[in-house]
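Novice: Structure incoming, see below.
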Amino acid sequence: MAATKLCIDVLPFLSSILKEHGSLVHINLLGHSYVLLNDPDDIKVLLSSPQHINKGPEYGLLKPWLNKGLLTSGSQKWQMRRKMLTYTFHFKILETYISSFNKHAQCLTKKLENMAYNNQRVSIYTHMTLCALDLVCDTIMGTELRSQEGKSLEYVEAINTVTDITIKRIFKFWLWNESIFNLSQNGRDFNKSLKILHTFTENVIKEKRAKLESVNCLETEELSFGKKRVESFLDLLIGISKQNPEKMTDMDIREEVDTFLFEGHDTSSTAMTMAFIQLGLNQDIQNSAREELYSIFGDSDREATMADLKSMTYLDRVIKETIRLYPSVPSVTRMLRQHLHIKEYDIPPQTVVVVVPYLLHREEKHFPNPLTFDPDRFLPENSFNRHPYAFIPFSAGPRNCIGN
């Protein structure tokens, strides 16, 4: 959400450049060479290539927090880590998180219901963020944060501070310099909050490792499907480290846990917030979503199952239309290590290539009446002929989002 709000000033500028100069534009900015792509065919050349997988320089600003985890690492380390972590996103493992989804969603529902009865005006984003934090801490670390209940206030404040300052720093080029940043108030607040986050994660890892080792839960065969019900992402990482201690140290575990906490809560809370807003603004769409849920649950208050989620085809389209208009990550970049050939252009190494899904998803030729919120764009018959790189809320190619 922080990224979306800060991009509001930048996006109209980029949009005007594309309209004036076409879908491939070269920009020199503060001594750096940038190329902006907005044609799906050109974007495919970049994102589908296994050579052009290194992120742009702004991702380096995340390294004090995330070190060189899956989001910020490049080349061989990223390839090794991605291969190692893909296992942890197996469908059968994700399915074990359904009970956590239900628990925290029900807490959110009760809070919103009480506010509705009291006719309160609320910041929906605040409640979405707390719900997302509870979810990711539960499923990633196996830790009960209980932020929706007003608990863990120091940690919640710290993660909000570090997230907001990190995003702000990306757009304030004078803060890219480490010395200037550390002397600034933003830098001091960032470092103070970062210490809280790292200490929290390190303590959870130590406690979790000790607990698992005490009950001998780290044997390879016990991590296979059907033999051990994995409780969290952290369980899996500690299991991997037991099997590959030289490739997954406690520091490696911390950087991946921090990475998924950041990516998981910020992107999810943004998507949920914008979906709620659109349902509120479009009563007919809200009614259709409600009717679909009633057809599944009736008057029952039972928990949702994986089968139920698969049945929510209309709500699925609502979510896709939400992240079309408001992708949680508005732009992605790549730093070229080799020449990139697009049409008649030869883009040299050290160029930063920028793709802006926020603008791409609003192109009239791919999405007629692009500013209209219309979930039926994603009916199979309406999506059939759409270019596969015209809708990329999770990026695309070998370095797409593992959380897709």
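The values are calculated or read from the model by the stated rules, or taken from the named source; none is laboratory data. These numbers were taken from a predicted model, which means no experiment stands behind them. Here Cβ is always computed from backbone atoms with ideal geometry, including for glycine, and neighbour counts include all displayed protein chains. In case anyone asks, the SASA skips ligands and DNA or RNA and just uses the protein heavy atoms, side chains included. Shrake-Rupley method; radii C 1.70, N 1.55, O 1.52, S 1.80 Å.
Novice: Skip the ligands, DNA and RNA, and give the accessible area per residue of region 299-404 with a 1.4 Å probe, whole Å².
Specialist: 51
Novice: Hey, which of these cross-link pairs are over 31 Å Cα-Cα: 195/310; 172/195; 111/320?
Specialist: 195/310
Novice: Pairs of alpha-carbon atoms within less than 8 angstrom and 6+ residues apart define the contacts here; what relative contact order does the chain have, in percent?
Specialist: Here the relative contact order equals 26 percent.
Novice: Right, next: Which one, (i) 41, 23, 21; (ii) 32, 29, 22; (iii) 43, 32, 21, gives semi-axes √(5λ) of the Cα gyration tensor in Å as derived from the coordinates shown?
Specialist: (ii)
Novice: In the structure displayed, which of 83/242; 19/44; 19/365; 55/92; 77/168 lie more than 22 Å apart, Cα to Cα?
Specialist: From 83/242; 19/44; 19/365; 55/92; 77/168, over 22 Å: 55/92; 77/168.
Novice: Which helices pass in the chain if a helix is a full DSSP H run, must span at least 24 angstrom along its long axis by Cα, and must have mean Kyte-Doolittle hydropathy not below 0.0?
Specialist: Sorted by number, the helices that extend far enough and score high enough are 153-171, 250-281.
Novice: Next question. Which aspartates and glutamates have a Cα less than 18 Å from the Cα of residue 63, not counting those fewer than 8 places away in the same chain?
Specialist: Reachable aspartates and glutamates: 164, 178, 189, 202, 250, 252, 255, 256, 258, 263, 266.
Novice: Report the antiparallel proportion of the DSSP beta bridges in the chain as a percent, rounded to a multiple of 5.
Specialist: Given both bridge residues lie in the chain, the antiparallel proportion sits at roughly 75 percent.
Novice: So, counting K/R as plus one and D/E as minus one, what does the shell of residues with Cβ under 11 Å around residue 378 add up to?
Specialist: Taking every other residue near residue 378 into account, the sum is 0.
Novice: Roll a 1.4 angstrom probe over the protein heavy atoms and tell me the percent of accessible area of the chain that is carbon or sulfur.
Specialist: Carbon plus sulfur share of accessible area: 54 percent.
Novice: Measuring from centroid to centroid over Cα atoms, what is the spacing of region 128-171 and region 31-79 in Å?
Specialist: Spelled out, the Cα-based centre of one part sits 25 Å from the other.
Novice: With runs of 4+ DSSP H residues as the only contributors, calculate the mean residue ellipticity of the chain at 222 nm using -39,500 (n - 2.57) per run, divided by the residue total and rounded to the nearest 500.
Specialist: Helices in the chain give a 222 nm mean residue ellipticity of -17000 deg cm²/dmol.
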